[in-house]
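Written below as structure tokens is the structure these notes are about.
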Amino acid sequence: MKAQQVEEMTSLRTGQLEELAALEVQWTTQVSDLRSRHSEEIRSLKSSLEETHRRSQRMLLERDDAREQLLSKQREGSRLQQQSADARHEVLELSAQVRSQSFGARGLNRSLSASFLDSPVHSMSLQDARQVDAEMLDLRRRCQDLERLCSRMHGLLERGQEACERWRREGISAKSELLALERLIEPFELGAEL
């Protein structure tokens, strides 16, 4: 009976040792598979993180460029607005001068005789008046051109501001994605506990 028990114990031990060896091989295989999958996943996440970081840096540079262009356009717009205001002021001054001269000439015409109207002095003042009218028309055209240019520059400034805001939002979004990816990857030790 003892021999039978010893034999059963031996066969049980052998079976258990075989099962233990099989389980150990299975466990080792699973651990190595998990490690390899995990390392592949880490490589993939790291490359994705690096690409996101590069894209974020590129977008930040583009946003800075857009901001610089916007500031340049704003300065140009301000300069054009100032030119337009100066031209408008000059037109108003010239217009006032022409009005005062035309009122003076009308009063003079009423009080003078027909012989004076035929004199070369009168024709010279008419020439001057025509020249002033031509200058006024030229200044009005210049003022209209400047106003159109100013309006166009305002449109460009608005589009530049919108582009800058869009780049800023995209940069913030990319940065939050980058931070979220960094939070997903936690450091760990491979093979620490077997």
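The values are calculated or read from the model by the stated rules, or taken from the named source; none is laboratory data. The model shown is predicted, which means the values in this text are computed figures rather than measured ones. Glycine gets a Cβ as well: all are built from the backbone with ideal geometry, and neighbour counts include every protein chain shown.
Being over 30 Å from CYS164 (Cβ atoms) and in a helix (DSSP H, G or I) is a description that does not apply to HIS53.
Regarding ALA66, is this residue closer than 25 Å to LEU139 by Cβ and either of a type outside the set (A, V, I, L, M, F, W, C) or in contact (Cβ under 8 Å) with a residue 24 or more places away in the chain (or both)? Against the criterion (closer than 25 Å to LEU139 by Cβ and either of a type outside the set (A, V, I, L, M, F, W, C) or in contact (Cβ under 8 Å) with a residue 24 or more places away in the chain (or both)), ALA66 does not qualify. The residue list SER123, SER102, SER95, SER36 contains one member that is of a type in the set (Ser, Thr, Tyr) and at pLDDT 85 or above, which is SER36. Mind listing whichever residues of segment 156-194 are modelled with pLDDT of 80 or more and either among the hydroxyl-bearing types (Ser, Thr, Tyr) or loosely packed, with under 12 Cβ neighbours inside 10 Å (or both)? Result: ARG169, single match.
Determine whether segment 33-50 contains at least one residue that is within 30 Å of SER151 (Cα to Cα) and either within 42 Å of the chain's Cα centre (by Cα) or not in a helix (DSSP H, G or I) (or both). No, because not a single residue in segment 33-50 is within 30 Å of SER151 (Cα to Cα) and either within 42 Å of the chain's Cα centre (by Cα) or not in a helix (DSSP H, G or I) (or both). Consider SER100 carefully, then state whether it is closer than 30 Å to ASP145 by Cα, out of contact with any Lys or Arg (no Cβ under 9 Å at 6 or more places or on another chain), of a type in the set (Ser, Thr, Tyr) and without any contact (Cβ under 8 Å) to a residue 40 or more places away in the chain. So SER100 fits the description; yes. Report yes if SER72 is polar (S, T, N, Q), out of contact with any helix residue (DSSP H, G or I) (no Cβ under 8 Å at 6 or more places or on another chain), modelled with pLDDT of 85 or more and more than 24 Å from CYS164 (Cβ to Cβ), otherwise no. It is false that SER72 is polar (S, T, N, Q), out of contact with any helix residue (DSSP H, G or I) (no Cβ under 8 Å at 6 or more places or on another chain), modelled with pLDDT of 85 or more and more than 24 Å from CYS164 (Cβ to Cβ).
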